[in-house]
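Q: A single structure is presented below for examination.
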Amino acid sequence: MTKTHKVVNQVPPMPEHNSADDHALLEALRREGAGWAEQEVRKVGDFAGGQQAQEWGRLANEYPPVLHTHDRYGHRVDEVEFHPAWHHLMAASVGFGLTGSAWQDSSSGAHVARAAKQYLLSQVESGHTCPVDMGYSVIPALRNAPELASQYEPLLASRHYDFGLRSPLSKAGLLAGMSMTEKQGGSDIRANSSQATPASDGTYRLTGHKWFTSAPMCDVFLVVAQTPAGPTCFFLPRVLPDGSLNGMRIQRLKDKLGNRSNASSEIEYDGAVVWPVGEEGRGVRTIIEMVNATRLCAINSSAGLMRAGLTQALHHAEHRKAFGRLLIEQPLMRNVLADLALESEAAVAVTMRLAAATQGGEQGDESEAGLRRIGVAVSKYLICKRASTHIAEAMECLGGNGYVEDSGMPRLYREAPLNSIWEGSGNVAALDVLRAISRQPSTMDAYRAEIGRARGANRHLDEAVRRIEKELSDSTNLEGRARRVVELLASALQASLLVRNAPTAVADAYCATRLGGDWGQTLGTLPPSADLTAILERASLRSA
């Protein structure tokens with residue numbers, strides 16, 4: 001065969017690395033009280049940056065789950081088949097303690113350590129973290145039924161991945177899912193039409209349809225259905241103690257834009273046996289405890305996706321030449337990469353702070369609980385929404401090579417919008433912030449106290465605080481202005497964390513652009529005053 005050309009100026013494959021070599025992450029881990037977990041976090045980072053894990057992530061998406069409603073003999077089985085790569089990833093994440101173990105760990109910073117590990121594993125493959133995150137998030141809501149919690153919480157906190165269709169209490173570890181959304185209501189859970197009828201033994205019988213149920217292969221679920229008292233939260237195992245299937249029929253798997261490794265489904269319940277969780281008629285309030293925890297996971301996952309895109313863009317720029325120079329040496333590309341790094345670091349700072357607030361709230365600190373409540377709501381809006389733009393820009397850094405599936409960037413790009421939609425899209429998140437402010441004024445007290453710790457340290461942040469108070473003091477069309485207000489709240493929270501904890505170059509550039517208006521309409525428009533070298537050196541992969 002004639003040799004037509006030499007292959008030159010192509011970027012080599014990303015070498016194996018430790019994803020935990022991340023200054024912003026490790027500093028936040030130590031700052032928020034989980035420095036003791038650094039060795040295990042580095043172990044997770046070593047796994048996440050390895051070629052084997054990355055290949056498992058690719059395969060799990062290349063060969064998505066398949067639904068089998070019946071076996072060869074015609075018996076209903078409602079089972080989902082996954083590629084072995086999915087099971088490898090699940091076993092790793094469960095083994096690293098990403099399900100419920102943080103709730104049973106009395107160590108200071110247990111939730112922060114868990115957040116750090118989730119951030120790293122989201123950089124490998126986000127689909128499998130959905131059931132893992134729900135296994136973490138279910139516990140606060142389940143504790144509204146102490147008898148059920150005493151039986152199931154230890155199994156939800158187990159580090160054993162025990163896949164299979166068997167009675168939950170016979171397994172070494174459990175996964176939990178959530179089944180709320182119906183076709184007629186979407187985020188309006190009070191419009192649900194599924195019905196739960198009380199039985200003589202204290203259980204209920206559930207009949208109805210769910211439009212979106214993530215991870216239908218989980219062992220147990222929290223579901224919301226109507227009772228005479230109103231929407232009520234219930235606990236539903238897929239398999240009953242006698243080994244029989246529990247009236248849960250998977251109708252089909254959703255054909256989604258991204259998140260393809262994870263099975264999302266439509267479900268019909270036909271007389272399924274369920275147990276009440278929390279007060280009858282207060283189901284939305286009960287399950288919102290799970291929702292708030294999954295929203296924190298969505299923020300963390302978005303931060304992980306941003307970091308994965310940034311890492312790819314930096315690697316490409318350090319090896320690709322154009323017009324006689326490496327891309328990383330070109331002023332305009334450096335501006336783009338530095339701006340991507342700012343967005344990534346701000347996301348890491350806030351998600352780790354909110355994980356610490358989760359721990360504080362669990363231990364009875366009302367101020368920390370209030371900060372978590374409003375901080376998760378504002379950050380869910382901004383970070384999850386910014387992730388799509390961030391990854392689109394990171395993909396563009398690779399040019400046409402980034403648009404090709406082999407690069408891995410298209411999978412990140414398809415994945416990014418999910419976290420902005422899941423657990424309430426942008427409008428729902430913005431309105432939830434207004435609800436928190438009006439119904440729980442103490443949440444704003446906690447927010448003010450948090451950002452007040454940086455008072456006087458940056459003029460742009462001080463001005464943003466004044467704008468926040470002006471916006472909130474004007475009740476005129478506040479709902480119509482909700483996105484504007486929430487973006488300001490979220491950006492100021494991130495800025496306050498960077499001002500207090502990040503290098504001056506990072507904090508000043510973030511405040512000048514996100515709060516001071518010295519920013520264009522797209523990423524990569526940092527002002528001349530920004531110290532691009534300092535920002536990029538901090539973002540690069542090296543021993544941290």
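Q: Could you name every one of the helices (runs of 4 or more DSSP H) located completely within the stretch 69-125 that has at least 3 residues being more than 18 Å from the chain's Cα centre (by Cα), assigned by TED's automatic domain parsing to the domain that holds Glu55 and at pLDDT 95 or above?
A: Values: elements: 84-95, 101-104, 110-122.
Here the list reads 84-95.
Q: I need the helices (runs of 4 or more DSSP H) fully contained in the stretch 447-526, keeping only those with at least 3 residues that are in the same structural domain as Ala430 (by TED's automatic domain parsing) and either among the β-branched types (Val, Ile, Thr) or within 23 Å of Leu29 (Cβ to Cβ) (or both).
A: Details: elements: 459-473, 482-501, 504-510.
Result: 482-501, 504-510.
Conditions tested, residue by residue: (1) among the basic types (Lys, Arg); (2) surrounded by fewer than 23 Cβ atoms within 10 Å (Cβ to Cβ); (3) under 18 Å from the mean Cα position of the chain (by Cα).
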position	(1), (2), (3)
Gly375	no, no, yes
Cys397	no, no, no
Asn401	no, yes, no
Pro410	no, yes, no
Arg414	yes, yes, yes
Ser425	no, yes, yes
Gly456	no, yes, no
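Q: For His88, only one of the following conditions fails: (1) surrounded by fewer than 17 Cβ atoms within 10 Å (Cβ to Cβ); (2) touching a Phe, Trp or Tyr at 6+ places or on another chain (Cβ under 6 Å). What is its number?
A: (1)
Q: Then there's this: Scan the stretch 441-497 for residues that are in contact with a Gly (Cβ under 9 Å, 6 or more places away or on another chain) and of a type in the set (Ser, Thr, Tyr) and report the count.
A: 4
Residue by residue, here is whether (1) at pLDDT 95 or above; (2) crowded, with 18+ Cβ neighbours inside 10 Å; (3) under 23 Å from Leu296 (Cα atoms) holds:
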| position | (1), (2), (3) |
| --- | --- |
| His460 | yes, yes, no |
| Asn477 | no, no, no |
| Ser496 | yes, yes, yes |
| Ala505 | yes, yes, no |
| Tyr510 | yes, yes, yes |
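Q: Can I ask one more? Anything in the stretch 230-262 that is of a type in the set (A, V, I, L, M, F, W, C) and in contact with a helix residue (DSSP H, G or I) (Cβ under 9 Å, 6 or more places away or on another chain)? List them, or say none. Walk me through how you get there before you give the answer.
A: First, the residues of the stretch 230-262 that are of a type in the set (A, V, I, L, M, F, W, C): 233-236, 239-240, 245, 248, 250, 253, 257.
Residues satisfying the conditions are Cys233, Phe234, Phe235, Val239, Leu257.
Q: Go over the candidates Glu345, Glu393 one by one and state the one that is buried (at least 24 other Cβ atoms within 10 Å of the Cβ), of a type in the set (D, E, K, R) and in contact (Cβ under 8 Å) with a residue 60 or more places away in the chain. Walk me through how you get there before you give the answer.
A: Details: Glu393 fails: buried (at least 24 other Cβ atoms within 10 Å of the Cβ).
Result: Glu345 is the single residue among Glu345, Glu393 that is buried (at least 24 other Cβ atoms within 10 Å of the Cβ), of a type in the set (D, E, K, R) and in contact (Cβ under 8 Å) with a residue 60 or more places away in the chain.
Q: With the structure loaded, tell me whether Glu40 is surrounded by 13 or more Cβ atoms within 10 Å (Cβ to Cβ) and under 21 Å from the mean Cα position of the chain (by Cα) or whether it fails that test. If you could, list the steps in order and put the result at the bottom.
A: On the way: surrounded by 13 or more Cβ atoms within 10 Å (Cβ to Cβ): yes; under 21 Å from the mean Cα position of the chain (by Cα): yes.
The answer is yes for Glu40.
Q: Sticking with this structure for a sec: Name the one entry in Leu523, Leu488 that is buried (at least 20 other Cβ atoms within 10 Å of the Cβ) and at pLDDT 95 or above.
A: On the way: Leu523 fails: at pLDDT 95 or above.
Of the residues listed, the single one that is buried (at least 20 other Cβ atoms within 10 Å of the Cβ) and at pLDDT 95 or above is Leu488.
The values are calculated or read from the model by the stated rules, or taken from the named source; none is laboratory data. All values derive from a computational prediction rather than experimental measurement. Backbone-built Cβ (ideal geometry, glycine too); neighbour counts: all protein chains shown.
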